[in-house]
């Protein structure tokens with residue numbers, strides 16, 4: 001009992017600390033200045049940061065906070081703002097750091113400067129004494145503070161202990177490799193630019209409130225971008241008017257959304273207000289999310305790996321947006337000129353051949369995460385029509401936008417995007433129709449031949465004129481046949497197998513295929529021999545039901561002397577197989593909808609439901 005109470009007490013203390021930290025993050029996010037600045041908060045434990053370190057900031061913009069420390073919410077808000085200001089003031093920039101800089105002393109000088117700034121604007125609850133007691137009036141920037149500290153430390157040896165930072169030692173990680181920006185390449189510090197934009201927005205809000213304007217009337221940057229699409233870009237205007245734009249910093253931190261994400265089912269697009277984006281970059285990001293929704297990418301995943309499918313779709317969308325010159329693509333976005341004119345499905349197949357390269361790329365949501373999100377969402381649902389799913393509504397909105405934009409000649413649209421939008425407007429071809437076409441390709445209708453050995457029925461009317469009869473050409477029994485590899489493992493339900501076998505039998509009969517060579521596979525291969533379509537449909541006794549090994553069945557079929565060398569093979573499985581299959585002849589797969597093969601298929605894949 002004592003141990004249980006101790007564990008319960010510890011869990012309760014941890015929950016209180018977690019709640020204090022989240023409240024501090026929320027205070028910072030709600031501030032008109034710090035809520036719009038760059039820097040991405042990641043919650044860590046003291047094993048990663050050290051027991052006495054409240055927070056650290058990296059030169060790439062990550063703010064690591066120690067969830068095991070117990071601090072009031074206002075102090076947490078102060079600490080997070082402190083880290084954000086290190087980024088905003090360019091303290092990691094090589095151009096700003098003194099020559100032959102002593103890193104620890106530079107960190108301390110920057111801490112003093114940030115602490116003074118926060119004391120001047122009276123934000124949060126300080127975790128250190130007032131820096132005015134240390135800084136003289138002439139020490140107005142980091143370089144002057146650094147020179148003053150350098151003289152005191154090296155000249156007199158009575159250095160001041162660093163009590164003004166957010167860690168017991170250095171709270172800036174990565175000073176040994178400072179950030180370098182080249183003006184000739186149009187490079188700049190994105191955090192400093194974000195600070196300037198945030199400061200401008202904060203002044204606008206403050207002045208508006210002082211003038212009696214309600215804060216609810218304030219037009220956020222995301223809503224301004226959505227309004228631009230509604231007024232200037234018909235292709236995406238309907239989608240822009242139908243999605244709720246949510247700029248909630250706390251939610252973005254919780255869901256690890258670094259820049260943006262989209263939840264089609266909820267009709268919501270999430271924008272991280274702390275993301276450092278220019279106006280044109282924001283348009284690009286929003287157009288990217290609108291196209292995810294309009295093109296039904298989430299619905300088209302069809303059992304593929306969700307993240308890799310997201311990456312494939314990102315390459316396609318970003319390529320189109322660059323062609324259309326909608327906004328400006330943010331640095332680091334997924335773009336590859338060599339993938340131009342390829343569909344998302346083709347790119348996905350290429351990704352599977354080199355998964356290590358593509359497995360942990362940055363989408364607009366962040367490292368190793370897809371920006372197509374699922375769940376209920378947090379805001380108001382989209383304005384879809386009753387009785388229509390959100391996916392259907394988005395497709396219709398994109399189609400209407402295409403017609404409107406083309407009728408008025410409003411900008412260039414790539415042919416690939418036009419083709420994909422029009423394809424979405426067409427009803428999908430059923431899997432059974434696709435399978436029928438495959439049978440038609442493998443077994444075209446047999447031509448009739450004329451023979452005088454069997455006179456025509458009209459011969460009696462003209463006994464002096466010989467008339468041949470048209471008859472079907474005679475073929476060897478194994479000349480018009482195909483192989484069926486059936487996965488009979490425990491994961492395959494009787495209903496799935498019955499549906500697949502029934503469809504195969506009906507199409508075989510229509511295409512005048514007299515026999516099929518059937519092999520059952522689970523832990524071993526069972527050769528059922530040649531069966532007529534009727535036997536395949538309903539009178540086959542399925543053996544096995546163990547594990548899944550399909551390669552022995554394929555080898556058995558390919559090595560069989562009584563099976564034609566050019567006979568096609570149809571493999572029926574649920575995709576839950578461990579081995580990559582080696583097939584040396586024409587083949588196709590028939591798998592349930594929602595399932596996927598664990599490798600790139602060379603043959604056609606039909607998804608039945």
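The values are calculated or read from the model by the stated rules, or taken from the named source; none is laboratory data. Predicted model only: the values in this text are computed from it and were never measured. Every residue, glycine as well, gets a Cβ built from its backbone with ideal geometry; the counts of neighbours run over all protein chains shown.
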Practice problem: Spot the failing condition for residue 112; the list is (1) out of contact with any strand residue (DSSP E or B) (no Cβ under 8 Å at 6 or more places or on another chain); (2) farther than 15 Å from residue 152 by Cβ; (3) assigned to a helix (DSSP H, G or I), and only one is missed. | Solution: (2)
Practice problem: Could you tell me whether any residue of segment 256-276 is touching a helix residue (DSSP H, G or I) at 6+ places or on another chain (Cβ under 9 Å) and part of a helix (DSSP H, G or I)? | Solution: no
Self-check item: Residue check, residue 140 touching a helix residue (DSSP H, G or I) at 6+ places or on another chain (Cβ under 6 Å), in a loop (DSSP other than H, G, I, E, B), modelled with pLDDT of 75 or more and farther than 30 Å from residue 402 by Cβ
Solution: no
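Looking at the structure I just gave you, is residue 124 within 33 Å of the chain's Cα centre (by Cα) and at pLDDT below 90?
Working: within 33 Å of the chain's Cα centre (by Cα): no; at pLDDT below 90: yes.
Taking the combined requirement at face value, the residue does not satisfy it.
Residues of segment 296-310 being surrounded by fewer than 24 Cβ atoms within 10 Å (Cβ to Cβ) and touching a residue at least 60 places away in the same chain (Cβ under 8 Å), which ones? If you could, list the steps in order and put the result at the bottom.
Within segment 296-310, the subset surrounded by fewer than 24 Cβ atoms within 10 Å (Cβ to Cβ) is 296-308.
Passing the criteria: 296, 297, 298, 299, 302, 303, 304, 305, 306, 307.
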Quiz item: When the residues of segment 51-71 are filtered to those that are in contact (Cβ under 8 Å) with a residue 24 or more places away in the chain and more than 26 Å from residue 93 (Cα to Cα), which remaining residue is nearest to the chain's Cα centre (by Cα)?
Solution: 67
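Taking the stated definitions as given, is residue 291 buried (at least 24 other Cβ atoms within 10 Å of the Cβ) and part of a loop (DSSP other than H, G, I, E, B)?
Working: buried (at least 24 other Cβ atoms within 10 Å of the Cβ): yes; part of a loop (DSSP other than H, G, I, E, B): no.
No, not satisfied.
Mind listing whichever residues of segment 41-50 are touching a helix residue (DSSP H, G or I) at 6+ places or on another chain (Cβ under 8 Å) and either within 20 Å of residue 88 (Cα to Cα) or free of Cβ contacts under 8 Å to residues at least 24 places away in the same chain (or both)?
Start the filter on segment 41-50 by keeping residues that are touching a helix residue (DSSP H, G or I) at 6+ places or on another chain (Cβ under 8 Å), which leaves 41, 43.
Answer for segment 41-50, where residues must be touching a helix residue (DSSP H, G or I) at 6+ places or on another chain (Cβ under 8 Å) and either within 20 Å of residue 88 (Cα to Cα) or free of Cβ contacts under 8 Å to residues at least 24 places away in the same chain (or both): just 41.
Could you pull out the residue among 403, 441, 392, 420 that is on the phi < 0 side of the Ramachandran plot, part of a helix (DSSP H, G or I) and modelled with pLDDT under 75? Break it down into steps so the answer makes sense when it comes.
Numbers: 403 fails: modelled with pLDDT under 75; 392 fails: modelled with pLDDT under 75; 420 fails: modelled with pLDDT under 75.
Among 403, 441, 392, 420, only 441 is on the phi < 0 side of the Ramachandran plot, part of a helix (DSSP H, G or I) and modelled with pLDDT under 75.
Conditions tested, residue by residue: (1) under 22 Å from residue 441 (Cβ atoms); (2) more than 37 Å from the chain's Cα centre (by Cα); (3) assigned by TED's automatic domain parsing to the domain that holds residue 301; (4) at pLDDT below 80.
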| position | (1), (2), (3), (4) |
| --- | --- |
| 490 | no, no, no, yes |
| 509 | yes, yes, no, yes |
| 522 | no, no, no, yes |
| 545 | no, no, no, yes |
| 550 | no, no, no, no |
| 590 | yes, no, no, no |
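Go through segment 326-348 and give me each residue that's in a helix (DSSP H, G or I) and under 16 Å from the mean Cα position of the chain (by Cα). Full working, then the answer.
Step one: list which residues in segment 326-348 are in a helix (DSSP H, G or I), which gives 337-339, 344-348.
Result: 344, 345, 347, 348.
Residues that are outside any loop (DSSP other than H, G, I, E, B), over 26 Å from residue 182 (Cβ atoms) and in the same structural domain as residue 187 (by TED's automatic domain parsing): does segment 91-106 have at least one? So that I can check it myself, show each step before the final result.
The first filter runs over segment 91-106 and keeps only residues outside any loop (DSSP other than H, G, I, E, B), leaving 93, 103-106.
If we keep only those that are over 26 Å from residue 182 (Cβ atoms) too, we end up with 104-105.
Filter again for in the same structural domain as residue 187 (by TED's automatic domain parsing), leaving 104-105.
Yes: one or more hits.
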